[in-house]
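Let me begin by presenting the structure, written as structure tokens, before commenting on it.
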Amino acid sequence: MRAILKNIKIKWVAYALEMVIIFILQNTPGLIPSFLGQKPMLLVIFAVSIAIFEGDVAGVSFGIAAGALMDLTASSVFGFYTLIMMLVGYAAGICVIYLMRNNLVSCIVLSTAGVFFLSFVQWLFEFAIWGDAGTWYFLYGVILPRMIYSAALTPVAYYFNRSLAAHLSSDTE
């Protein structure tokens, strides 16, 4: 029993450490090249891939963690990304439990949907409501390249978290 609890603690610490490292990688200037002027949303794809392997509770937990980390560097209201990422993590966990299989295609679909949802809500509250002149540019010049780049990097997150989940599984005794 203690070995199982020790594995569970090690797995959660490993996931938390992964999120901190991804946060540092995502926010280090010049480290990740841009695609059409946009950077991928690494925290979203890694949080979704954790939710796919660990379920809805872990999806909510790591969605909150990823959102809080995103809020630290955002210029919007603190808690905005936390709330949205909590919903994205929960939706990813529930979709894999009840609707989809746990495979790479599902991870790409859910990660891309998460990036789109987060970016769309950001667009809605920061541009569309205020009638900003760059409203439509944000849709095709920011959201679309961000989704494509994030989808292209999703296999890295999926296979990394799949190996973590398999090696640190608590089912083995």
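Any read-out appearing in this document is the output of simple, stated calculations on the displayed coordinates, not a laboratory observation. From a predicted model like this one, the values you see are computed outputs, not experimental measurements. Cβ coordinates were reconstructed from backbone atoms using ideal geometry, including for glycine residues, and neighbour counts include every protein chain displayed.
Points worth noting:
- Each of the peptides 138-146, 63-71 was scored by the mean count of other Cβ atoms within 10 Å over its residues; in descending order, highest first, they stand as 63-71, 138-146.
- Stokes-Einstein translational diffusion, segment 37-173 - Kirkwood Rh over all Cα pairs, 0.692 mPa s, 37 °C, in µm²/s: 216 µm²/s
- Counting every other Cβ atom within 10 Å of each residue's Cβ, Trp12, Trp136 order from fewest to most as Trp136, Trp12.
- Descending by average beta-carbon neighbour count within 10 Å, the peptides 45-51, 95-101, 150-156, 17-23 line up as 45-51, 150-156, 17-23, 95-101, the highest first.
- Simple rule: put +1 on each Lys or Arg Cβ and -1 on each Asp or Glu Cβ in the chain, find the dipole, and look at Leu69, Leu144, Phe117; the Cα lying farthest toward the positive end is Leu69.
- When shorter helices are ignored and each DSSP H run of at least 4 residues is given -39500 (n - 2.57), the per-residue value for the chain at 222 nm works out to -24000 deg cm²/dmol.
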